[in-house]
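No lab work stands behind these numbers, since they all come straight from the coordinates. Computed from a prediction, not measured in an experiment: that's the story for all the values here. Please note: Cβ atoms are built from the backbone with ideal geometry, for glycine as well, and neighbour counts cover all protein chains shown.
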Ligand SMILES: [Fe+2]
């Protein structure tokens, strides 16, 4: 057979071998480089069979590219562990280091030795996290660790954002080969470095310490990604990808349409051009000028890492909500999960949300799901003319924190929007609610349904709306969901 062009070299990782041993399985046929079968797939593989695989490693062993997903399937949704994964000492060291650095760079420029120190701290936390056998299923207990660290707000947010971003990135990575592992590690380090540095621009600004920001205060804050970027752009020690993520870290919404990205593309391009001209004759800033040119090009052709930017942005929102601010106490992790979803429509693409809730949602909340059977949610979908429709559904079946559960349609509704520099859904028009008796079922987990959940109607966050909706649904359907058990639903 001429399979050579469809073959991929298999460079074993410990993790994969462990998976074969634990499940006593050789999940695919393995070939030599000319496409001859060396080892057949086998369901009840012995330790000896698996050792045989290892012997072939030296001479090169291959599998069909199309079978890659069979090598190591993702973890099953039901697996959770209560192992605490966040190392208290290393994390406190990072937070302390960050606190010192943020004070230092108020007066002196960020330099190469700062970057080397940060790299060491990032590397130790990343390696420690990945070394845990429960890395994929354990608790990312960062809130607990930081609650006793006694750090200033900025350093607490920075550290939480970096650890949450790391956990998301590491858990989303499916590395099968050693080459993959190296590549993934360098991407993980870059993301963590960018997360660490994203908000350093605040050290050069006068940031309001009250809530309910006015539009002009929000507009002022929107300058911080560019200021952070200018502080890192001239450093040789930092990769272009890190600089790009810092610059774009509040631009996670991919695609067209109204969104809360900032700075918006036009504004960003104008500012980058301004700095390119300003520094073009300053030989000490030649690296910065060259980098600005690259970033300009990338912004214009939309060549930016949306995945990483989404991760930093959503991890940052979680970090900020769960940290005590001068104008409000810290918000519980479970409530933060709901608020992030309810503000997500103009902020994130569904992939970012899915990665967040699937990979770290449970483990940031002591394994308590934030979305449950019987909950009411609003879903949005677009038709071919880009008109958006909003429907109310009840969750009928749910797997942990998945935001693609099985839904039962209750009716349609119109949202209300507010915009004080940040556009959001501020509530729903009760009079626009139309109940639909057909009770259609949509299983978002099974098919490519264009609907996405954009809002959870929570009895504590939206008590009035929840009550009136719940009453109407019960009046029309008799029970809240098709499980048919009002009592059980009321206590979930
Ligand atoms: Fe930021």
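Miscellaneous remarks
- Ordering of 395-406, 434-445 by packing [mean C-beta count within 10 Å, highest first]: 395-406, 434-445
- Per-peptide average of other Cβ atoms within 10 Å, ordering 241-253, 199-211 highest first: 241-253, 199-211
- Burial order of peptide ranges 354-362, 278-286, 230-238 (average beta-carbon count within 10 Å, highest first): 354-362, 230-238, 278-286
- Inter-label distance for residue 460 and residue 120, nm, one decimal - labels placed 7 Å from Cα along Cα-to-Cβ: 4.2
- Our summary gives the chain a relative contact order of 12 percent, counting only alpha carbon pairs under 8 angstrom and 6 or more residues apart.
- Cα gyration tensor shape for the chain, rounded if a/c is under 1.5, else prolate or oblate: oblate
- Overall form of region 297-432: rounded. Here a/c, set by the Cα gyration tensor axes a ≥ b ≥ c, is under 1.5.
- Calculated FRET value between residue 366 and residue 281, using beta carbons and R₀ = 56 Å, to 0.05: 0.50
- Rounded, prolate or oblate (a/c below 1.5 giving rounded, otherwise prolate when a/b exceeds b/c) for region 277-368 by Cα gyration tensor: prolate
- Ordering 195, 381 from the fewest to the most neighbouring beta carbons within 10 Å gives 381, 195.
- Span from the region 154-200 Cα centroid across to the region 219-251 one, whole angstrom: 16
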